[in-house]
Amino acid sequence: MQELIIKPSKKLSIDLKELLAYHELFFYFAWRDVKVRYKQTSIGIIWAVLQPFIQMVVFTVFFNRAAGISSGNPAVPYAIFSFTGLLFWNFFSQSLTRASNSLVDNQSVVTKVYFPRILLPLTSTLVGLIDFAFAFIVFIGLMVFFKISPTLSAAFLLLPALLITFIAASGIGMFLAAINVKYRDVKQAVPFLIQVGLFITPVIYPVSAIPERYQWLLYLNPMTGVINMMRSSFLDTAPINWPLTWLSIGVAMLSFVLGVIYFKSKEREFADII
């Protein structure tokens, strides 16, 4: 009897032809993750709306009213200012968490059959768009409530902002997922890193709160460029700083490339180690 062994390619890049061949599995993983996420929850998808809304209320009470942190623009209420940041930060942080655990959570599949392992972190990140969509409806409601009209650029920049967030979360998520196979400390470290990341990302405060000569350090965080771009286009808080925004985009792209390279370099070992 002849034994056929299928192994992942040695190429440190994404094989698009192979991914297209497994497109049905990609959508299966995505749909399965959606069902598992809300299985046996009494209020289901409402959690996607409730979480950022409650965070917005808490931030407004403690950081705006108590600590005196403002939106940086008197015409923009702090509540919707913070919700805009939370909208994209939650998409990023939740996607990153799921992507970093994607291989370990699917170890029974990883050890039994071959498929492009990169599908797992990518689908884990993609699922976050569903939560984002429902939270975005609340965001639109807040804009109507506060009588804020988005600028014309908002319609053109929303999809690029989502794409940058997806790229950043996928790239870092793939890197952490590959490490998590061998070192399970990653699962414990990621929530802590996300908590720290919240405070080094301008979710609670405007970029203008940081001295101008140090602002470029904030933009090394891909989410700074995304959040500031969305606040500028939807809330008209301040003009977009395009040179620094391109710095954030470049860091997101670099994170994705390095994430893919590291993930592919370790892919052949996943089934043996996990």
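The values are calculated or read from the model by the stated rules, or taken from the named source; none is laboratory data. Model, not experiment: these values are computed from the prediction. Note that each Cβ is placed from the backbone with ideal geometry, even for glycine, and that neighbours are counted across all protein chains shown.
To keep it simple, each residue is scored yes or no on (1) among the hydrophobic types (A, V, I, L, M, F, W, C); (2) over 18 Å from THR224 (Cα atoms); (3) in contact with a Cys (Cβ under 8 Å, 6 or more places away or on another chain).
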| position | (1), (2), (3) |
| --- | --- |
| ILE54 | yes, yes, no |
| ILE80 | yes, no, no |
| THR97 | no, yes, no |
| VAL113 | yes, yes, no |
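Here is a yes/no grid of residues against (1) over 30 Å from SER208 (Cβ atoms); (2) among the charged types (D, E, K, R); (3) surrounded by fewer than 18 Cβ atoms within 10 Å (Cβ to Cβ); (4) in contact (Cβ under 8 Å) with a residue 24 or more places away in the chain:
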{"residue": "PHE29", "(1), (2), (3), (4)": "yes, no, no, yes"}
{"residue": "LYS35", "(1), (2), (3), (4)": "yes, yes, yes, no"}
{"residue": "VAL61", "(1), (2), (3), (4)": "no, no, yes, no"}
{"residue": "ALA66", "(1), (2), (3), (4)": "no, no, yes, no"}
{"residue": "ILE69", "(1), (2), (3), (4)": "no, no, no, yes"}
{"residue": "ARG98", "(1), (2), (3), (4)": "yes, yes, no, yes"}
{"residue": "VAL104", "(1), (2), (3), (4)": "yes, no, yes, yes"}
{"residue": "LYS112", "(1), (2), (3), (4)": "yes, yes, yes, no"}
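Which helices (runs of 4 or more DSSP H) sit wholly inside segment 162-274 and have at least 2 residues that are under 15 Å from the mean Cα position of the chain (by Cα) and of a type outside the set (Lys, Arg)?
185-199, 222-230, 242-266
Here is a check on your reading of the model: is GLY85 buried (at least 19 other Cβ atoms within 10 Å of the Cβ) and either at pLDDT 90 or above or closer than 25 Å to ILE148 by Cβ (or both)?
yes
Please work out if SER42 is loosely packed, with under 13 Cβ neighbours inside 10 Å, of a type in the set (Ser, Thr, Tyr), under 29 Å from SER255 (Cβ atoms) and modelled with pLDDT under 75.
Spelling it out, it is not the case that SER42 is loosely packed, with under 13 Cβ neighbours inside 10 Å, of a type in the set (Ser, Thr, Tyr), under 29 Å from SER255 (Cβ atoms) and modelled with pLDDT under 75.
Hey, could you check segment 185-215 for residues that are under 22 Å from ALA99 (Cα atoms) and not hydrophobic (A, V, I, L, M, F, W, C) and say which is surrounded by the most Cβ atoms within 10 Å (Cβ to Cβ)?
Going through the qualifying residues, I end up with THR201.
Of the numbered conditions (1) over 18 Å from the mean Cα position of the chain (by Cα); (2) touching a residue at least 60 places away in the same chain (Cβ under 8 Å); (3) within 15 Å of LEU87 (Cα to Cα), THR151 satisfies every one except a single condition; which is it?
(3)
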